[in-house]
Amino acid sequence: MAGRITSWQTEQWLTEFIEGTWMALHFDNPDIAGEYNSEIFGGGYHRVQAVMYQPNDRAVWNSAPVVFNGLPVVTITHVCGWTDQVNGNMRFSIALPSPVRAVAGSQYAFGAAVLAVSLD
Amino acid sequence: MTGADITSRYGAGGYFALFITPPGGASIDVTFFRGAPTDIGTLTFADPFGPTTAQFTFPSITQKERAGTGDMKWLVPNSDVDVLYFDLNTGEYADWAWEGYIISEDITEEGRAITCKGAFFQLDNFLAAPQYPQQPIPYELLIQDAFDPAGNPSLRTRALTTTFPEGWTEVVPRFNKDTPWYLKPWGVAAGQRWTGITSRSTGSWEPKLTGFVQTLLSVMFTADGGQWTIRHKRGRQPTLLVRKALRYPTDDTYVVDVGAHGVKISASRDFSQSVNVVYAQGQDLAGTQFSGQQVANDGSTTFYEPFAALPTVYPATDTNARLIPHMMRKESLLQLPQGVDAIAARDIAATQVRKHVDPGFTGSIELQVDPMRRGVASTRFLIRAGDTILARGLMGTDVLFHVSQATINAKDGSVSLTVDSKFRDTLTVSEVMARTRDALDPVRQLQAGRFSVTVQDMVKPWSYSEGSGVIPSGGTADATPLFTKYMGSDARFPWTDYTTKFPPRDYPEFYVRVPARRDNADKNWALVNRDDGVYGIPVKMSQAGSIRLTQIAAYDKLGNVKPVSFHVGIYGSKGISIVSMPAIPQAWLDSPTDPEAKRARDLGYLAGQRYPFFKDAFERFKGSGELQSEPVYLLADGANQIMAWGNYYERAGYSPGLMSISGRESWTGQLVDETTWSYDTTNTTDFDPYSAENTANMTNSGMLYVMIYCDDQDEDVYFLGRLWRAEAAGK
């Protein structure tokens, strides 16, 4: 017998993403290489907080661009969301359609309303 | 009968067909032989080089039958073997083939079994020999040359083709006019696409494929982590191309589901191979060494900074917000190739951490069913080494593997793949450039006063066209025109095709003459007249260098090699003459038991005459180990002997044999020695190391002098020789 979670409940859960989601870049699949082991290091890299709109239609969207500056020479394969600016727990991971090669000091960014988290 | 009748063991959707081509014969279809299907055992492919091994059994051939006769004429050693796959869906042979040749035969009760080797492995029948190229050669041309059928007689593969990836931007740079010719790459033009990696090594007697070519491929990496490899295409076609370091499946990727019927996946991760802290040691081009060494202020302790580390384990301080104290640290030391600087070392170390922090998966996949490809089932028999396969659902995710080896077992219809989720041993571009740097490319040191030139004869260069290394040259006798003008590139020592056309009788100026034997040993030396006396024969050389091959031969007046024994010495002193040579000691000449002393007496020689063949002549040490104190045994002071051949125990003129083994009169009149020896003419008065211009104006600069003795001849004998330089040298 199938049931259904209400929109109210999903929005309660999605509110957690608004209260603190830190975006991180990874050089390998965190499911295989490990969540901590696969995160980029070096250069001026650090996690960037994602600013989210309020939940709407069982989803939340980023309301402002997410910009990573001062990257080291690395190939980015995954973009992930974390609970904290440092360490913490991984909320989700997204494999990029194709890897992105960063050169020293370069920037990686995605615009507003590009990142969506939904609970169907 | 056609292959369409073959049972399902050949796989659904098609079947294998076997063709054998005996050397010099026509191809024969032996998929069935005498009505019995040939048992196709295993077909193995590897990346690089494609087909590696295969086994077949012909059940209808009994143990009593002799292969190579009757209807088995095709079953002979080294016959070509082609396995093709007939695709029943398309009605034609697939663009797939296992190609090789027979290397062994087993006579068994089950039939005649043959084992075959992949076609490209025939290249291992040839050895990569050192050829001392004058200019650096791009790797792709070295590999192309190794695969050249014209240079490897009987090689059955086609000429290698090179395919550059789409968008390849690496092109041969334009060199300015100041770039020395010996630093410019050979065989390519400015603006032409190339790998950018060059070498002067053409091999050191290793097998051509698994030795020489494999070594070249091992450092041929691209900036994006791809690696050059050699793939096999149907028709024995080798192709040099880039194997991309894929992180995502492509349209060509095969897909299997973990746990599916007929799919056995065995994968392992060796966590002991993980690395998350990398130290490094190296020395950059300027000679500066680095290892990250740090010393406490008071000098009490020394510690080292890693060149890269995962922030979860390093530094283990309160200031490191990303530190996770319970995470295990695993350190590694990276020994960098010479020439990588400390900044590049940090990038390389970071690459090592990213590559090895997760050990990845290695393992095998055995398929009894066909995998999916482009959304439809695709026959497993056509999977080749170099392909990629995605294991869906492995450890809760999808893992992309590179197929490093594929073995088709036609007997049970299975295909076994050796797989790896990481592209191992990848080098960064900095490492590649450091490892393949041309040794002759000069560098400047950080430390002052340490510069030295890499080419030893920049002030007075070696020049084959000017006669360097020709014996004689630079004096009244000069064979330079004989070698540079009259001889073709096919001329081989002892050059009799040409010495008989230009014999000493008609061209005495090309040869060193030793007159018919006299009864005075002093008169049996070859000398040249100068205003102030008679001296050794001049030979043009260069400022300094090494000789890798010495060739000297004696001729009669018609240019035929004259079998005589002789002595040859090479000296740095312009004043070398017979009075510099050892003189016959009376005690030796009087020896009643020494046959050589008797011969000297019989020839009329007297004590005090200059002679190279008395016992212990030239030797600074006596047999007792004591230093020789008698001056008559030794060369005069200042002779500056560089190299000499021929003495009491072992005369020159017996190559390829030895007098001591083959006997006194088994002379050949030839001397060939591949011993490397060095010379330096800068310490003579005819050389101005402060001025190349002054040196160029000095007639005798860069010159050595040759002394030749011969007394086996009843008529004049003539000598001709060449010295070949070890290092890159002028054309």
Practice problem: Take every DSSP beta bridge with both residues inside chain B and express the antiparallel ones as a percent of the total, to the nearest 5. | Solution: 90
Quiz item: In the neighborhood of B:I584, defined by Cβ-to-Cβ distances under 15 Å, what is the net charge if each Lys or Arg adds +1 and each Asp or Glu adds -1?
Solution: -3
Exercise. Mind putting a number on the dipole of the protein assembly as shown about its Cα centre? Charges go on the C-beta only, +1 for Lys and Arg and -1 for Asp and Glu, and I need it in Debye to the nearest 20.
Key: 680
Exercise. Pop the C-beta distance of B:E715 and B:V579 into the FRET formula with R0 = 25 Å and round what comes out to the nearest 0.05.
Key: 0.40
Quiz item: Quick one: net charge of B:Y648's neighbours, Cβ under 11 Å, K/R +1, D/E -1?
Solution: -3
Exercise. Among A:N89, A:G105, A:G42, flag the residue with its Cα farthest along the positive direction of the charge dipole of the stretch A:7-118, charges on Cβ as +1 for Lys/Arg and -1 for Asp/Glu.
Key: A:G105
Exercise. With label points built 7 Å along Cα→Cβ from the Cα atoms of B:S465 and B:L88, find their separation and express it in nm.
Key: 6.9
Quiz item: How do B:K117, B:K177, B:K523 line up, fewest other C-beta atoms within 10 Å first?
Solution: B:K177, B:K523, B:K117
Exercise. Round to the nearest 10 and give me the degree value, 0 to 90, for the angle of helix A:7-19's Cα axis relative to the longest principal axis of chain A.
Key: 30
Quiz item: Among rounded, prolate and oblate, which fits the stretch B:661-731 when a ≥ b ≥ c are the square roots of the eigenvalues of its C-alpha gyration tensor, a/c under 1.5 means rounded, and a/b larger than b/c means prolate?
Solution: prolate
Self-check item: Contour excess over end-to-end distance, with Cα ends at B:E65 and B:S660 and 0.36 nm allotted per residue
Solution: 209.0 nm
Quiz prompt | Global geometry of the protein assembly as shown, whether rounded, prolate or oblate, following the gyration tensor of its Cα atoms and the 1.5 cut on a/c | solution = oblate
Quiz item: Would you list B:K460, B:K64, B:K73 from fewest to most Cβ contacts within 10 Å?
Solution: B:K64, B:K73, B:K460
Quiz item: Quick one: Cα centre-to-centre distance for the stretch B:678-731 and the stretch B:342-411, in angstrom?
Solution: 61
Quiz item: Hey, what did the stretch B:228-350 get for relative contact order, percent, Cα under 8 Å, at least 6 apart?
Solution: 25
Quiz prompt | Test item: Cα-centred dipole of the stretch A:7-118, Lys/Arg +1 and Asp/Glu -1 on Cβ, debye | solution = 300
Practice problem: Starting from the Cα of A:I5, step 7 Å along the direction of its Cβ; do the same at B:E630; then give the gap between the two resulting points in nm. | Solution: 10.8
Practice problem: Within the stretch B:564-585, find all residues whose amide N lies under 20 Å from a label point positioned 7 Å from the Cα of B:R601 along Cα-to-beta-carbon. | Solution: B:583-585
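With +1 on the Cβ of every Lys and Arg and -1 on the Cβ of every Asp and Glu, and nothing else charged, how large is the dipole of chain B about its Cα centre, in debye rounded to the nearest 20?
Roughly 740 debye, rounded to the nearest 20.
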Quiz item: Using the Cβ atoms and a cut-off under 12 Å, what net charge is assigned to the surroundings of B:K208, where Lys and Arg are +1 and Asp and Glu are -1?
Solution: -4
Quiz item: How far is helix B:342-356 tilted off the main Cα axis of chain B, in degrees rounded to 10, range 0 to 90?
Solution: 40
Quiz item: What value, in deg cm²/dmol to 500, does the helix sum -39500 (n - 2.57) over DSSP H runs of n ≥ 4 give at 222 nm once divided by the residues of the protein assembly as shown?
Solution: -2500 deg cm²/dmol
Practice problem: Among B:I265, B:S691, B:P585, pick out the residue whose Cα is farthest towards the positive end of the charge dipole of chain B, where Lys and Arg carry +1 and Asp and Glu carry -1 on C-beta, about the Cα centre. | Solution: B:I265
Exercise. Taking the Cβ of each residue in B:T195, B:T21, B:T157 as the centre, tally the other Cβ atoms inside 10 Å and list the residues starting with the fewest.
Key: B:T21, B:T157, B:T195
Quiz item: In terms of the Cα gyration tensor, with a ≥ b ≥ c the square roots of its eigenvalues, is the stretch A:7-118 rounded because a/c is under 1.5, prolate because a/b exceeds b/c, or oblate?
Solution: prolate
Exercise. With unit charges on the beta carbon (Lys/Arg positive, Asp/Glu negative), name the residue among B:A597, B:V470, B:Y85 whose Cα is farthest towards the positive pole of the charge dipole of chain B.
Key: B:Y85
Practice problem: Calculate the length of the line joining the C-alpha centroid of the stretch B:523-544 to that of the stretch B:51-109, in whole Å. | Solution: 67
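Throughout, read-outs are computed from the coordinates displayed, never taken from laboratory work. Source: prediction; values computed, not measured. Heads up, the Cβs are rebuilt from the backbone with ideal geometry, glycines too, and the neighbour counts pull from every protein chain shown.
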